[in-house]
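S.K.: The structure that follows is given in the form of structure tokens.
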Amino acid sequence: MTEIERALPEDAMDWAERLRESLEDANIPTLLLVLRHLTGESKWVEEPFRPHRGKPLDDNDSAGLPPEIQAEIRAAAFDAVMAYRDGVLQPATVTADQVPSLLSCALAEEVPAEYGELLAEEMGFISRDVAIPADSVDENFRAVVIGAGLSGLCMALKLAAAGIDFVVLEKDEDLGGTWLENVYPGCGVDTPGHLYTFSFAPNPEITRYFAKRAEVQDYLQALAGEDDIKRNIRFGTEVVRAEFDTEDDQWCIEVRNADGVRESMTANVLISAVGMVNRPMIPALPGLDEFPGPVMHTAAWDNDVDLTGKRVSVIGTGASAMQLVPSIADVTEHVTVFQRSKQWAIPHPNYKRAVKDSVRFLMREVPFYLQWYRLRCFWNFSDRLHPALQIDPEWPHPERAVNETNDRHRVFLTKYITEQLGDDPELLDACLPDYPPYGKRPLIDNGWYRTVQRDDVTLVTDAVDRIDGRHVVTTSGKRAETDVIALATGFKVLQFLWPMDIVGLSGQTLREQWGTDDARAYLGVTVPDFPNFFILNGPNTNAGHGGSAIHATEFQVRYVMEAIRTMLVDGIPALEVDRDVFLRYNSELDGALSRCIWSHKGMTTYYRNDAGRVVVSSPWTYIDYWRRTREFDLDDYHEVPVEAAELAM
């Protein structure tokens with residue numbers, strides 16, 4: 001027992017003992033950053049304490065350091081945390097310029113200095129909040145947010161914090177969006193759970209390193225409860241149509257409740273937060289409507305349907321199927337998987353790993369531990385992968401990879417899949433993709449390759465042609481008798497904002513301007529002809545190289561808040577992005593996309609429309625998109641006077 005512990009009362013001694021025990025399970029690279037932060041002593045990021053490089057994707061808990069060095073680090077961390085808790089030790093100031101070098105130490109790889117301010121924001125050292133002077137907020141000014149999922153909740157939290165009157169319109173009976181609707185077995189995040197939280201509200205209570213949907217939903221519910229956001233949400237309310245009124249500079253919004261009753265409301269600013277994965281794609285298979293058993297899309301799963309001893313046909317092999325099939329195989333009689341395309345699946349050592357109680361204690365109680373751990377996840381799962389997705393026109397083997405780094409990933413993943421499938425050339429041929437890695441959405445292996453080897457699981461590579469009674473029939477005539485059909489067929493991601501009608505100044509709807517599958521927006525956020533209308537998770541904002549949807553959402557929410565502040569402070573009733581700004585941006589965007597892997601002709605992907613244009617993914621690194629959205633530039637916009645609006649119609 002140390003001198004510090006002898007001076008403690010009994011309750012504090014219990015806490016100190018728990019801290020000491022928990023530190024045995026600490027992630028050493030993270031703990032070193034905590035020590036540097038608390039003490040200000042640079043020795044903790046120098047030899048002999050500097051971490052060694054770990055295995056790919058591994059948390060590198062030991063930092064590759066000898067046991068005696070690890071013990072010294074834990075002992076020093078105990079003393080520092082206790083001193084901080086007693087008010088004896090004040091943490092050092094960590095500047096934005098210092099963050100990249102500290103993170104470089106923890107990861108044993110270089111993090112570019114240009115990321116300093118972005119990383120400092122992720123740590124909470126620099127706020128993303130937009131302060132709006134109270135005397136500039138008109139009491140009649142109102143924002144309407146469509147959707148109470150992750151992005152809608154973020155928008156609502158920031159509007160509430162700024163003192164802006166708002167209402168959220170949500171078609172479901174509760175908040176959560178995709179995390180409310182998707183309840184299929186195995187559903188969860190495919191990015192680290194600690195990263196799938198807002199930077200301003202990290203979650204120390206996650207019980208799995210890749211959280212399941214219930215924990216994500218609980219997190220969102222807790223956030224809404226803290227600020228009583230639900231009182232501003234109208235549940236069971238769907239937007240049918242919205243049209244900008246040039247006389248009052250307001251959006252006139254027609255909504256429909258769950259009983260089919262329609263009403264109208266107005267808003268100065270209209271914000272879409274409906275996301276990309278909220279309308280399931282149901283395949284037009286002949287006979288599907290006549291199937292005598294349950295038919296469930298993964299986004300409309302009915303957990304009252306007992307799969308025990310049932311023959312289940314799963315149509316589709318994307319992200320939801322990869323989570324679903326291994327999760328039901330133990331209880332079903334047989335699972336037949338109808339594969340539409342082969343998938344590259346990445347092994348991650350943390351995917352099924354539980355977060356120990358001791359580690360959750362550290363996340364909750366040790367200052368800065370959670371933030372530094374989350375920042376390590378941010379770098380490992382974000383821009384460091386971006387170069388592997390860029391097409392090298394000089395690369396001699398475009399049929400298998402887009403550049404040398406991408407090819408190394410292909411070799412690694414091919415070796416992994418081959419090891420998983422063993423000596424089964426037919427199954428290997430059915431599973432091993434023949435297109436470059438990351439050409440489709442990167443998936444995490446949930447035991448998929450082991451599962452498709454089971455005797456009670458059949459992988460069918462022929463396309464499904466029709467449903468005939470209780471049989472799923474392929475184009476080659478193969479028939480699979482089934483009791484339950486599970487549709488893992490994705491969403492109508494290319495039909496942004498469908499089925500709402502959003503009407504612009506010209507009288508044209510967004511759908512008419514975009515067509516069925518070619519949505520475009522400036523920064524993915526706003527469109528000419530639609531003043532005071534902003535989109536969260538709009539076209540070309542999905543970072544296909546990794547990370548978390550939350551990052552882009554926070555960037556976009558700040559941008560929208562900056563726009564609202566500009567309108568209120570400068571007394572501008574209506575703003576519209578300049579068409580030439582919109583066109584220049586999209587020209588630059590398409591040029592960048594042409595150099596990205598999703599433009600590779602060797603595979604199909606839902607990121608592209610029928611014309612071959614990438615509509616979903618963003619070509620930008622996070623640092624690029626952060627710079628573009630960091631400040632609202634009024635020079636990119638013009639005020640919409642009544643006269644101009646009338647001329648546009």
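The values are calculated or read from the model by the stated rules, or taken from the named source; none is laboratory data. None of the values given here were measured: they were computed from a predicted structure. Glycine also receives a Cβ, built like all others from the backbone with ideal geometry; neighbour counts cover every protein chain displayed. These accessible areas exclude ligands, DNA and RNA; they are computed on the full protein's heavy atoms, side chains included. Shrake-Rupley method; radii C 1.70, N 1.55, O 1.52, S 1.80 Å.
S.K.: Of PHE412, PHE291, which has the most accessible area and how do the rest follow, probe 1.4 Å?
M.R.: In descending accessible area the options line up as PHE412, PHE291.
S.K.: Along the Cα-to-Cβ line of GLU399, 7 Å from the Cα, sits a label point; which residues in the range 590-623 have backbone N less than 13 Å from it?
M.R.: Only 602 fall inside the zone, counting backbone N under 13 Å.
S.K.: Rolling a 1.4 Å sphere over the protein heavy atoms, what is the accessible area per residue of the range 495-626, to the nearest Å²?
M.R.: Solvent-accessible surface per residue comes out at 29 Å².
S.K.: Return the subset of LYS171/LYS230; LYS171/LYS212; LYS55/LYS212; LYS55/LYS440 for which the Cα-Cα distance in this structure is over 20 Å, preserving the input order.
M.R.: LYS171/LYS212; LYS55/LYS212; LYS55/LYS440
S.K.: Using a basic spin-label model with each label point 7 Å from the Cα along Cα→Cβ, how many nm lie between THR418 and TRP15?
M.R.: Each label point is offset 7 Å from its Cα along the Cβ direction, giving 5.6 nm.
S.K.: In whole angstrom, note down how far apart the Cα centers of the range 128-154 and the range 353-384 are.
M.R.: Taking the Cα centre of each part, the range 128-154 and the range 353-384 sit 30 Å apart.
S.K.: In addition: Once ligands and nucleic acids are excluded and a 1.4 Å probe is used, how much of LYS171 is accessible, expressed in Å² to the nearest 10?
M.R.: Number for this one is 70 Å².
S.K.: What does the convex hull of the Cα atoms of the range 197-238 come to per residue, in Å³, rounded to a whole number?
M.R.: Taking the convex hull of the Cα positions in the range 197-238, it is 102 Å³ per residue.
S.K.: Could you pull out every residue, at least 5 positions away or on a different chain, whose amide H is within less than 5 Å of the one on ASP468? Hs are placed 1.01 Å off N in the peptide plane, and Pro or chain starts have none.
M.R.: Result for ASP468 returns VAL473.
S.K.: Using only the alpha carbons of the range 472-526, determine the length spanned along each of the three principal axes and report them from longest to shortest in whole angstroms.
M.R.: Answer, in whole Å and largest first: 54, 20, 20 Å.
S.K.: Can you pull the semi-axes for the range 143-232, root of five times each eigenvalue of the Cα gyration tensor, sorted largest first, whole Å?
M.R.: Result for the range 143-232: semi-axes of 23, 15, 9 Å.
S.K.: I'd like the distance separating the alpha-carbon centroids of the range 47-103 and the range 516-591, in whole Å.
M.R.: So the two Cα centres are separated by 39 Å.
S.K.: Could I ask something else about it? log₁₀ I(q)/I(0) of the range 276-435 at q = 0.12, 0.15, 0.16, 0.17 Å⁻¹, via Debye over equal Cα point scatterers, no solvent, to two decimals?
M.R.: -0.85, -1.14, -1.19, -1.23
S.K.: How much accessible surface does ASP580 have with a 1.4 Å probe, in Å² rounded to 10?
M.R.: 80 Å²
S.K.: What is the calculated FRET efficiency for ILE69 to ARG627, with r their C-beta to C-beta distance and R₀ = 45 Å, to the nearest 0.05?
M.R.: Calculated value: 0.70.
S.K.: In addition: Which values, in whole Å and largest first, are the semi-axes of the equivalent ellipsoid of the range 217-357 obtained as the square root of 5 times each eigenvalue of the Cα gyration tensor?
M.R.: Largest first, the range 217-357 gives 39, 23, 16 Å.
S.K.: Mind checking Rg over Rh on the chain, alpha carbons, Kirkwood formula for Rh?
M.R.: 0.98
S.K.: Another question, if that's okay. Taking the range 201-291 on its own, what percent of its Cα-Cα pair distances exceed 14 Å?
M.R.: Value for the range 201-291: 79 percent of Cα pairs lie more than 14 Å apart.
S.K.: Can you tell me what share of the DSSP beta bridges in the range 210-355 is antiparallel? A percent to the nearest 5 is fine.
M.R.: Around 75 percent antiparallel, to the nearest 5.
S.K.: In addition: Heavy atoms only, 1.4 Å probe, whole protein assembly: order THR458, THR332 by accessible area, highest first.
M.R.: From most accessible down to least: THR458, THR332.
S.K.: For the range 315-365, what does the accessible surface come to per residue with a 1.4 Å probe? Please give it in Å².
M.R.: Using a 1.4 Å probe on heavy atoms only, each residue of the range 315-365 averages 35 Å².
S.K.: Can you pull out the GluC sites (Glu not before Pro) in the range 151-207 that DSSP calls coil and that have at most 16 other Cβ atoms within 10 Å?
M.R.: GLU173, GLU205
S.K.: Let me ask something else. Which percent of the accessible heavy-atom area of the chain goes to carbon and sulfur, probe 1.4 angstrom?
M.R.: Answer for the chain is 48 percent, counting heavy atoms of protein chains only.
S.K.: Could you give the accessible area per residue of the range 111-205, probe 1.4 Å, as a whole number in Å²?
M.R.: Result: 32 Å² per residue.
S.K.: Given the DSSP H assignment, sum -39500 (n - 2.57) over each helix run of at least 4 residues in the chain and divide by its residue total; what's the result at 222 nm in deg cm²/dmol, nearest 500?
M.R.: Only helices count here, giving -10000 deg cm²/dmol.
S.K.: Which value, in debye to the nearest 20, gives the size of the charge dipole of the range 174-280 about its Cα centre, when Lys and Arg are +1 and Asp and Glu are -1 at the Cβ?
M.R.: 540 debye
S.K.: Charges on Cβ only, +1 for Lys and Arg, -1 for Asp and Glu, centred on the Cα centroid of the range 570-626; of VAL615, ASN586, ILE597, which one is farthest towards the dipole's positive end?
M.R.: ILE597
S.K.: So, one more: Counting only residues 5 or more places away or on other chains, whose amide H sits under 5 Å from the amide H of VAL402 once H atoms are built in the peptide plane?
M.R.: Here the answer is ASP407, since their amide H atoms fall under 5 Å of that of VAL402.
S.K.: Rounded to the nearest 20 debye, what is the charge dipole size of the chain about its Cα centre when +1 sits on each Lys and Arg Cβ and -1 on each Asp and Glu Cβ?
M.R.: Magnitude of the dipole: close to 1700 debye.
S.K.: Still on this structure, please answer the following. Roughly how many nanometres apart are two label points built 7 Å out from the Cα toward the Cβ at HIS471 and ALA222?
M.R.: Between HIS471 and ALA222, the simple spin-label model gives 5.2 nm.
S.K.: Moving on to the next point. Sorted by accessible area with a 1.4 angstrom probe, largest first, how do HIS551, HIS52 fall?
M.R.: HIS52, HIS551
S.K.: For SER42, what accessible surface area do you get with a 1.4 Å probe? Give it in Å², rounded to 10.
M.R.: Near enough 60 Å² of accessible area.
S.K.: Mind listing which chymotrypsin sites (Phe, Trp or Tyr not before Pro) in the range 494-531 are in a DSSP loop and have 15 or fewer other Cβ atoms within 10 Å?
M.R.: Answer by residue number: there is no such site.
S.K.: A follow-up question, please. Between ALA214 and ARG353, what length comes free when the chain is fully extended (0.36 nm per residue of separation minus the Cα-Cα distance, one decimal in nm)?
M.R.: Residue separation times 0.36 nm, minus the Cα-Cα distance, leaves 48.4 nm.
S.K.: Could I ask something else about it? Whole-Hz Karplus ³J(HN,Hα) for the range 154-164, in order, using 6.51 cos²θ - 1.76 cosθ + 1.60 and θ = phi - 60°, x for Gly and Pro?
M.R.: Going residue by residue, I get 4, 4, 4, 4, 6, 5, 4, 5, 8, x, 8 Hz, with x marking Gly and Pro.
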